[in-house]
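Notes to accompany the following structure.
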Amino acid sequence: MSFFYRTNHFYLFLSFALLTILVSCETDENDIPSYISIDSISLSTEIKQGTASHKITDAWVYVGNKLVGAYEMPVNVPVLAAGSSKVTIYPGVRMNGVAGTRIPYPFYNSITSTIDLVKEQIKSLGTLEVTYNSSTIFAWVEDFENSSFSLDTTQRSNVRASRTNDPLKVFDYSGEASHYSAIVEFTGDSTVFENVSHSSFEVPQDGSAVFLEMNYKTNTPLTIGVYGRTSTQIIQEPIFVLNPNTVWNKIYINLTPTVCNMSSSYDFRIFFSAMKSADNEKAEILLDNIKLLHF
């Protein structure tokens, strides 16, 4: 093979490679996104639904019927669409408070609107507002505003829950008049706390969503679970342990798998339990706005 042939062959290959790169660098018109800006999502409730306190962290965005993605807010969502478009947003939460288990919360309504998207431009939706789905059953709502609150102390507990109106300890949510929260204080030799819902609840066991919502603040681990009653016995099933925290938090605890697996139980009570460790001189638990929800 001659040097001339090899040289021409090399330049031919080089020209083809450069042409390929140039073509691939050209922007396809279909790849230019529009943007949807979402600042946050708030919750509006009716009186019987309890507090509007929430921890909606994510927006699950659909354009048409296609999922664009789930995004932590605030966010500018890139969308490969333009013109009049149907946009549906589902409010998302962290199931069991775990960042790795983000879900569109089944009890919140979605938000649907038709908006005009323009390529390379941002359509701002600002702060959106959602409500509970009308099919939601509020089996239990406890805000501790009444002196006869709906928690019972079990026999194994040597610590009782009471109410506090200390403004430094009461859960406060902007726009709501909250005067009391539940408090559990471990004093002296007291080491075990366990309270259970006064009422028992019949909840679906067919895979339909069953969740417990609550606000809490605790400096000791707090276990949440259910008592399931069968024809012959009562079964205690712990579900989740809340770690100590220094500020009020909101959590959405998924009870669905547990109640489905307890197929022999025909009703359930919710329990809260904790033990004071030897190195914790003053263990304290604060609770508020407990809600048991299902369809």
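The figures follow:
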read-out	value
Unmet requirement for Thr187, which otherwise passes all of (1) closer than 21 Å to Ala274 by Cα; (2) surrounded by 14 or more Cβ atoms within 10 Å (Cβ to Cβ)	(2)
Residue within region 47-66 that is over 29 Å from Phe107 (Cα atoms), surrounded by fewer than 12 Cβ atoms within 10 Å (Cβ to Cβ) and at pLDDT 85 or above present	no
Residue, nearest to Ala161 (Cα to Cα), within region 220-244, restricted to residues that are out of contact with any Phe, Trp or Tyr (no Cβ under 8 Å at 6 or more places or on another chain) and surrounded by fewer than 17 Cβ atoms within 10 Å (Cβ to Cβ)	Pro221
Matching residues in region 253-282 - criterion: being in contact with a strand residue (DSSP E or B) (Cβ under 7 Å, 6 or more places away or on another chain) and either within 23 Å of Tyr180 (Cβ to Cβ) or charged (D, E, K, R) (or both)	Ile253, Asp267, Arg269, Ile270, Phe271, Phe272, Ser273, Ala274
Within region 75-132, strands (runs of 3 or more DSSP E) holding 3 or more residues that are among the small types (Gly, Ala, Ser)	83-94
Number of the exception - Trp140 against (1) in a loop (DSSP other than H, G, I, E, B); (2) touching a Phe, Trp or Tyr at 6+ places or on another chain (Cβ under 8 Å)	(1)
Residue in region 161-177 that is among the basic types (Lys, Arg) and not assigned by TED's automatic domain parsing to the domain that holds Pro104 present	yes
Extreme residue, modelled with the lowest pLDDT, among residues of region 158-216 that are acidic (Asp, Glu) and over 24 Å from Leu292 (Cβ atoms)	Asp189
Among residues of region 229-270, those that are part of a strand (DSSP E or B) and among the aromatic types (Phe, Trp, Tyr), counted	3
Whichever residue in region 82-119 is surrounded by 13 or more Cβ atoms within 10 Å (Cβ to Cβ) and among the polar types (S, T, N, Q) and, among such residues, is farthest from Asn249 (Cα to Cα)	Ser85
Hey, Thr256 on the phi < 0 side of the Ramachandran plot and in contact with a Pro (Cβ under 9 Å, 6 or more places away or on another chain) or not	yes
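To keep it simple, each residue is scored yes or no on (1) over 20 Å from the mean Cα position of the chain (by Cα); (2) of a type in the set (Val, Ile, Thr).
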site	(1), (2)
Ser190	yes, no
Thr230	yes, yes
Thr258	no, yes
Asn261	yes, no
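The values are calculated or read from the model by the stated rules, or taken from the named source; none is laboratory data. All figures in this text were calculated on a predicted structure; none of them were measured in a lab. Note that we place each Cβ from the backbone using ideal geometry, even for glycine, and neighbour counts take in every protein chain shown.
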